[in-house]
Ligand code: 13P
Ligand code: SF4
């Protein structure tokens, strides 16, 4: 791993000219751009600051933004399961993503059929699906959650056993906390985020030795062993992307070790200029498939046949089934 102190984002005249063209096309074609915090820094510059993103957020905030937009076309700068969620929540809009290969190792770890098999094995147990699942997987589950509302959703069930899919590490982190409070047991699937699983105990310990005054910023998807050993003697937050951002705002610390996607560091550095962020810099290869250039190509294609390659199409039946667990989740938000 290549530990890095995150530097501020610096644009260029080439990037500025792409921003100008994208913003013209957005106006002409009635497009809104929703961008996740794990996008490359140039896709996280908001329209107010001269960039192209109308809204930047974590997966929960982006779902709400997609539900509430009036724009005819939604361009999702994130991964495919997020664009699918936007389509499910706002099916009369056209939803696009600039590379259909922008997947997720968690979403691809489980199918709808796997969930049907779990239901047959554990009849009557509620199934919580992390939002990082494909639409056909969500369609088989009782409720969705994102990393921001997972704890309150897990606590809300009256049953003693709950099935949580697909992230085994996030499931273990949640399960030990919910079990300590309520005695509830979790049955887990063996999916992993290929980014967050790389934050091992030893990588965290070596950073803590170099930066002894730094606080920890850890995502729920980091393995439980690393979380427990890192927090044994150091303060910080274990939570969602949104929790991490708000924690830094409230903390008096000047240095932070980030155990989450590297480009979240760019967001943090942009928001908190006087603070320092150090990270082993692990980038999500799926998020990085989305670039300013292919976002421009997508926008150029809208209203032509070429746009089909970028457009999210889901069966009506899947949309109506997957909407149920997503809407249940939104009641918690
Ligand atoms: P958030 O819900 O925190 O945005 O996380 C999304 C994700 O893909 C984490 O790896
Ligand atoms: Fe999936 Fe992990 Fe990438 Fe998030 S960071 S999209 S969970 S692979």
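The set of residues from region 43-67 being away from ligand 1 (no atom under 13 Å from the Cβ) and within 20 Å of residue 320 (Cβ to Cβ) comprises 66, 67.
Can you tell which of 221, 194 is within 16 Å of ligand 1 (Cβ to nearest atom) and surrounded by fewer than 22 Cβ atoms within 10 Å (Cβ to Cβ)?
On the way: 221 fails: surrounded by fewer than 22 Cβ atoms within 10 Å (Cβ to Cβ).
Result of the check over 221, 194: 194.
Filter region 231-258 down to the residues that are in contact (Cβ under 8 Å) with a residue 12 or more places away in the chain, part of a helix (DSSP H, G or I) and over 15 Å from residue 273 (Cβ atoms) and list them by number. Within region 231-258, 231, 241, 242, 243, 244, 247 qualify.
Among residues of region 142-156 that are more than 21 Å from residue 247 (Cβ to Cβ), those with a Cβ under 7 angstrom from a residue that is in a helix (DSSP H, G or I) and within 16 Å of ligand 2 (Cβ to nearest atom), sequence gap 6+ or separate chain, pair up as 144/138.
Which one of 129, 120, 86, 65 is more than 25 Å from residue 15 (Cβ to Cβ), touching a strand residue (DSSP E or B) at 6+ places or on another chain (Cβ under 6 Å) and assigned to a helix (DSSP H, G or I)? Even if it seems obvious, please write down each step before you answer.
Values: 129 fails: assigned to a helix (DSSP H, G or I); 120 fails: touching a strand residue (DSSP E or B) at 6+ places or on another chain (Cβ under 6 Å); 65 fails: more than 25 Å from residue 15 (Cβ to Cβ).
On inspection, the qualifying residue turns out to be 86.
In summary, residue 204 fulfils each of the numbered conditions (1) more than 20 Å from residue 284 (Cα to Cα); (2) more than 16 Å from ligand 2 (Cβ to nearest atom); (3) modelled with pLDDT of 95 or more with the single exception of condition (1). Of the residues making up region 133-154, one or more are more than 30 Å from residue 308 (Cα to Cα), more than 15 Å from the chain's Cα centre (by Cα) and not in a helix (DSSP H, G or I). Just name the residue that is surrounded by the most Cβ atoms within 10 Å (Cβ to Cβ) out of those in region 96-111 that are over 16 Å from residue 197 (Cα atoms) and within 10 Å of ligand 2 (Cβ to nearest atom). Top of the filtered list is 102.
The values are calculated or read from the model by the stated rules, or taken from the named source; none is laboratory data. All figures in this text were calculated on a predicted structure; none of them were measured in a lab. Glycine gets a Cβ as well: all are built from the backbone with ideal geometry, and neighbour counts include every protein chain shown.
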